[in-house]
1. Can you tell me which of LEU155, LEU202 is assigned to a loop (DSSP other than H, G, I, E, B) and closer than 26 Å to LEU266 by Cα?
2. Before we move on, is ASP160 away from ligand 2 (no atom under 16 Å from the Cβ), among the acidic types (Asp, Glu), at pLDDT 95 or above and farther than 18 Å from VAL295 by Cβ?
3. Quick check on this structure: which one of ALA254, ALA292, ALA309 is closer than 22 Å to VAL153 by Cβ, surrounded by 17 or more Cβ atoms within 10 Å (Cβ to Cβ) and touching a strand residue (DSSP E or B) at 6+ places or on another chain (Cβ under 7 Å)?
4. Name every residue in the range 135-172 that is more than 16 Å from ligand 3 (Cβ to nearest atom), among the aliphatic types (A, V, I, L, M) and in contact with a Phe, Trp or Tyr (Cβ under 9 Å, 6 or more places away or on another chain), in order of residue number.
5. Given (1) touching a residue at least 40 places away in the same chain (Cβ under 8 Å); (2) among the basic types (Lys, Arg); (3) closer than 20 Å to LEU159 by Cβ, identify the lone condition not met by ARG206.
6. If you take the residues in the range 231-284 that are outside any helix (DSSP H, G or I) and within 16 Å of ligand 3 (Cβ to nearest atom), which one is farthest from VAL130 (Cα to Cα)?
7. Looking for whichever is away from ligand 1 (no atom under 12 Å from the Cβ) and acidic (Asp, Glu) here; the options are GLU34, GLU12. Which one fits?
8. Show me the strands (runs of 3 or more DSSP E) entirely contained within the range 43-139 in which 3 or more residues are in contact (Cβ under 8 Å) with a residue 60 or more places away in the chain, touching a His at 6+ places or on another chain (Cβ under 8 Å) and under 25 Å from ALA318 (Cα atoms).
Amino acid sequence: PVVLGIESSCDETGAGLVRDGRLLGHAVASSMDEHARFGGVVPEIAARAHVHALRPVVRRALGEAGLRMADIGAVAVTTGPGLSGALQVGLAGAKGLAYALGVPLYGVHHLAGHVAADTLAHGPLPNPCVVLIVSGGHTSLLLVRDLARDRIVHLGDTLDDAAGECFDKVARVFGLPYPGGPAIDRAARVGDPRAVPFPRPLTGPRDDPYGFSFSGLKTAAARWAERHQGRALPVADGAAALQEAVADVLTRKAVAACTAHGVGTLVVVGGVAANSRVRALAEERCAAAGIALRVPPLKLCTDNGAMIAAIGDLLVRAGAEPAPLDVSIDPSAPLEYAALHPVARA
Ligand code: ATP
Ligand code: MG
Ligand code: FE
């Protein structure tokens, strides 16, 4: 069937249409600009923006695919993790559509969606593979044996900030625009990555090999900026050095996870997978270690509806139980499940 995916966990409203692993069309609307002057996502503004954007975004995705409402055979929607109000809007819309069309509804995990996004560009995931999820809210290493059948082993997480959060917060300190990740990436282009010796947290011999910590890096960047009181801050150098530290730690640990588990494929997903240095260093290190690297195209790295349709399509094809129409959101859903309703968890 054609699976419609709906994403509304944060500030992007997304709709995507996928059939048998193929992306047929998708559309995204973002309320990013409305949050910019607050320096971060305002939950109430995000929720309201989803109300306005949901129907147009679904219509645009259908238009791009050359399909009509009646062609939709299943609806998948992000039920968590994310902002409660924002999730509620997408779920209400998805329930209404599934009920009206008489098609099954699937409540899915946002991060499983980020992982599934890669299948739209590069085909089915090899089982097993190691997945590095790096986004605004998460930094996790997973050993994925079968994504749609919930065979996911959690190897490690960040103890504090996520990598994207670190970029966003340091960008503010450096006086760069919101959102910070892309701004750091742009500024770093003309900077010297060796200009500042930023630390490489949790890379010591006695540290958790798959644990991450980015709040110390954020503090180190703030201290470095403070030391320039009264003088112009060499932002390009700071950005390049910070990006180098983050990319170094992320790719080092991800490749180590592959090697330790005898896994031949690394998949890097989430908003920070859009970072140019993370992509380049992952390529370099995977090539050196004989590991195949998969990173989704830029447009599928940040939040979108295609990735939700992609995990929905995988669940449908794996024979997963649909969600009941009274399924609720799960704002802090654990990462171990791709489908987020009690039936699939049992
Ligand atoms: P989560 O998926 O954990 O719920 P999220 O959905 O907010 O969080 P994504 O949309 O996946 O996160 O990614 C957004 C994050 O990616 C932001 O922190 C943003 O700064 C970061 N990001 C986007 N592009 C880049 C880039 N080129 N370099 C570094 N970071 C980037
Ligand atoms: Mg976003
Ligand atoms: Fe996300």
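1. LEU202
2. yes
3. ALA254
4. LEU141, ILE152, LEU155, LEU159, ALA171
5. The one condition ARG206 does not meet is (1).
6. Ranking the candidates gives ASN275 first.
7. Of the residues listed, the single one that is away from ligand 1 (no atom under 12 Å from the Cβ) and acidic (Asp, Glu) is GLU34.
8. 72-80
The values are calculated or read from the model by the stated rules, or taken from the named source; none is laboratory data. All of these numbers come straight from a predicted model, not from anything done at the bench. Reconstructed Cβ throughout: ideal geometry from the backbone, glycine too, with neighbour counts over all protein chains shown.
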